[in-house]
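Following: one structure in structure tokens, then a few remarks.
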Amino acid sequence: TMLFLADVEGNTALHYCCRENGSKHMLEILLKEVVGNTKRKRKQLTKLITARNKSLQTPLHVACEAGRNDLVEVFLSTCKSALLFKVMSLEDIKQETPLLCSVSNDSFDIVQSMLMWRRNHGHHWQEQEQSQIYSVAQKSSQANKGNKSACPLVWAAKCGNVEMIDLL
């Protein structure tokens, strides 16, 4: 179907909906097309949500980069937990997860929404996120080289963002 077609940069219709000037209403319409309880619908939704462009960004990365909390909230309320756990752990070409992308763009509302969602959706994710947020020692050498793949807390500290540090 047309939903899965990508441009030369690998962007799908969902990627375009998640940009700075994207439409929340259009995002909801596109997701509604593939949401359902059949195996086929679940596969389509997974394929659409995990689609990556040439920068290895998912549509959620694009929404986080654009600072669009309204769009992030659509993902958080529409997608099943297991799918979101997967998408939230994917890194783009800059080695940023959607959370780290939001931290590095000072998108306080998005970080807060994602952390609240994670707190409400199971211990498995909390353990994984805590290890990402607080495992400074393992990635500190990368952070010192200017690599953003350090944990979100380290990145916020490096940028001197006290509000973000308090939130994380």
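What follows draws every value from the coordinates through simple rules; no lab data is involved. The structure presented is a predicted model; accordingly, all values stated were derived computationally and were not measured.
Across the range 38-44, in residue order, what do the Karplus-derived ³J(HN,Hα) couplings come to in whole Hz, using 6.51 cos²θ - 1.76 cosθ + 1.60 with θ = phi - 60° and x for Gly and Pro?
In residue order, the calculated couplings are 7, 4, 4, 5, 5, 5, 5 Hz.
So what's the range 68-117 giving for Cα Rg divided by 2.2 N^0.38 Å, two decimals?
Here the answer is 1.07, to two decimals.
If the viscosity is 1.306 mPa s and the temperature 10 °C, what Stokes-Einstein diffusion coefficient in µm²/s follows for the range 1-113 when Rh is the Kirkwood radius over Cα pairs? Walk me through the numbers on the way to the answer.
Numbers: Rh = 13.8 Å.
Using the Kirkwood radius from Cα pairs, D works out to 115 µm²/s.
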